[in-house]
1. Given an 8 Å cut-off on Cα distances and at least 6 residues of separation, report the relative contact order of chain A as a percent.
2. Compute accessible area for region A:182-203 by itself and then with all protein chains, 1.4 Å probe, and report residues whose area falls by 30 Å² or more.
3. Testing the spin-label approximation: label points 7 Å from Cα along Cα→Cβ at B:K86 and A:E253. State their distance in nm.
4. Distance from a point 7 Å along Cα→Cβ of A:Y163 to each backbone N in region A:122-148: keep the residues under 12 Å and list them by number.
5. Return an integer: the convex hull volume of the alpha-carbon atoms of chain B, in Å³ per residue.
6. List the lysines whose Cα sits under 20 Å from the Cα of A:K146, skipping any in the same chain fewer than 8 residues away.
7. Considering every Cα-Cα pair within region A:181-256, what fraction, in whole percent, is farther apart than 22 Å?
8. Testing the spin-label approximation: label points 7 Å from Cα along Cα→Cβ at A:K149 and A:D281. State their distance in nm.
Amino acid sequence: MARFRHLISIDDLSKDDIIYILDRAEEFEEIARGRKSNLLEGKMLANLFFEPSTRTRMSFEVAMKRLGGEVLNVTAQEASSIAKGETLADTVRVVSKYADAIVIRHPLEGSARLAAEFSEVPVINAGDGAGQHPTQTLLDLYTIRKESKLEGLKIALMGDLKYSRTVHSLIKALTLFNAKIYLISPESLRLPEEFLEGLKGDVVEAKLEDVIGEIDVLYVTRIQKERFPDEEEYRKVAGSYRITPEVLRDAKEDLIIMHPLPRVDEIDPAVDRTKHAKYFDQVFYGVPVRMAILTEVMLD
Amino acid sequence: MEKKLVISKIKEGTVIDHINAGKALLVLKILGIGPESRERVSMVMNVPSGKMGKKDIVKVEGKFIGEEELNKIALIAPKATINLIKDYEVQKKFKVTLPEMIEGILRCPNGNCITNSREPIAPKFRVFLERDNVVAKCYYCGRKIKEVDRFIV
């Protein structure tokens with residue numbers, strides 16, 4: 001019996017469910033690296049993307065294909081042409097006739113929850129507007145567990161904490177594991193106070209130079225140009241939230257740096273060569289994590 | 001003789017008492033009672049009340065409104081009491097209880113929420129108390145509403 005039929009929000013999972021998925025992902029690592037598997041042979045996954053997202057789509061596709069399954073890719077352009085003014089509810093009903101599970105990305109918040117109501121097959125949310133992107137959160141947690149530790153973790157989240165859905169979901173999940181969370185952001189991109197209401201956790205604002213010597217994980221997110229009134233203001237802020245080898249001088253030996261990618265200027269490429277850089281490994285870990293989720297919802 | 005503003009007793013129907021002052025019109029809206037409704041409805045607003053300071057009262061004649069329907073009132077009047085009247089006597093008296101989920105009464109303030117697009121669904125909210133205030137959270141997008149009466153449709 002599957003633990004969940006759909007995966008819409010990280011909030012739908014208990015700590016126990018999360019650990020279960022991470023443990024399962026561990027078992028899929030070898031297959032993610034290329035060992036042959038036919039676990040999902042004969043199964044069809046529909047990637048229903050109403051917004052472009054090459055990275056997430058590729059990751060799901062690789063996970064499915066390496067498990068012997070097949071993928072029906074519906075790109076943003078095709079998705080809107082299928083729609084031809086029809087409702088998302090109808091599009092999902094149609095696609096669920098062709099596939100054994102649907103991965104959906106859509107610009108409106110709550111769209112994945114709606115899709116799950118109308119689909120005859122399991123739905124996995126791959127991002128609904130500024131809402132949820134649970135598989136990203138799970139692969140972040142997996143990376144932390146693999147490369148650092150989940151219990152008793154000290155982590156700094158840096159960059160755009162106001163609009164980043166990745167950060168919001170990750171904070172919620174990390175509080176389940178009693179993490180000490182430092183928030184580092186420009187004034188205009190602080191975590192909304194409302195977000196912290198009702199959240200039981202050790203979450204405080206900090207400056208990177210004050211905590212760099214004690215944190216286990218530095219999670220960096222992109223600061224987007226469009227969040228600023230003018231180019232100059234953006235350059236000023238972005239420049240002071242940039243990770244360079246210099247900034248890492250006082251870091252712990254085993255500090256890891258993560259980033260949901262794509263990065264722009266926030267991590268100096270010189271950091272890639274340090275032992276701290278884990279953002280490309282993080283990409284790989286997305287595959288076994290998605291394998292764990294796909295098998296959970298598609299196999300009895 | 002002292003002149004008093006009173007609403008006469010009703011023979012049969014539903015009396016909703018202890019409505020927060022000023023919310024009676026919203027109560028009617030939630031119950032779907034409007035200009036097209038055929039029931040005889042009387043309403044008093046800002047009546048002095050021992051417990052509440054001021055309160056509103058609504059009487060709907062000739063109709064027993066279902067408990068589930070009435071509980072929706074708790075969204076804006078969590079202290080409301082209901083009297084079901086038959087032959088001028090109170091047949092049943094109860095306090096409204098806040099439902100866990102409500103459908104179709106509120107609209108989501110998030111313009112980017114799927115419920116505000118052309119989909120065959122009614123907006124749905126989880127409702128709960130937060131520091132004695134009724135708060136609603138969109139079932140689809142998760143947006144929280146703290147001033148629920150602003151978003152009643």
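1. It rounds to 22 percent for chain A.
2. Buried on complex formation: A:E194, A:E197.
3. Once both label points are built, they end up 8.2 nm from each other.
4. A:130
5. Hull volume normalised by residue count: 132 Å³.
6. Partners found: A:K15, A:K154, A:K172, A:K180, A:K252, A:K275, A:K278.
7. Tail of P(r) above 22 Å: 33 percent of Cα pairs.
8. It works out to 1.6 nm between the two label points.
The values are calculated or read from the model by the stated rules, or taken from the named source; none is laboratory data. Bear in mind the structure is a predicted one, so any value in this text is a computation, not a measurement. Backbone-built Cβ (ideal geometry, glycine too); neighbour counts: all protein chains shown. What goes into the accessible areas is simple: the full protein's heavy atoms, side chains included, and nothing from ligands, DNA or RNA. Shrake-Rupley method; radii C 1.70, N 1.55, O 1.52, S 1.80 Å.
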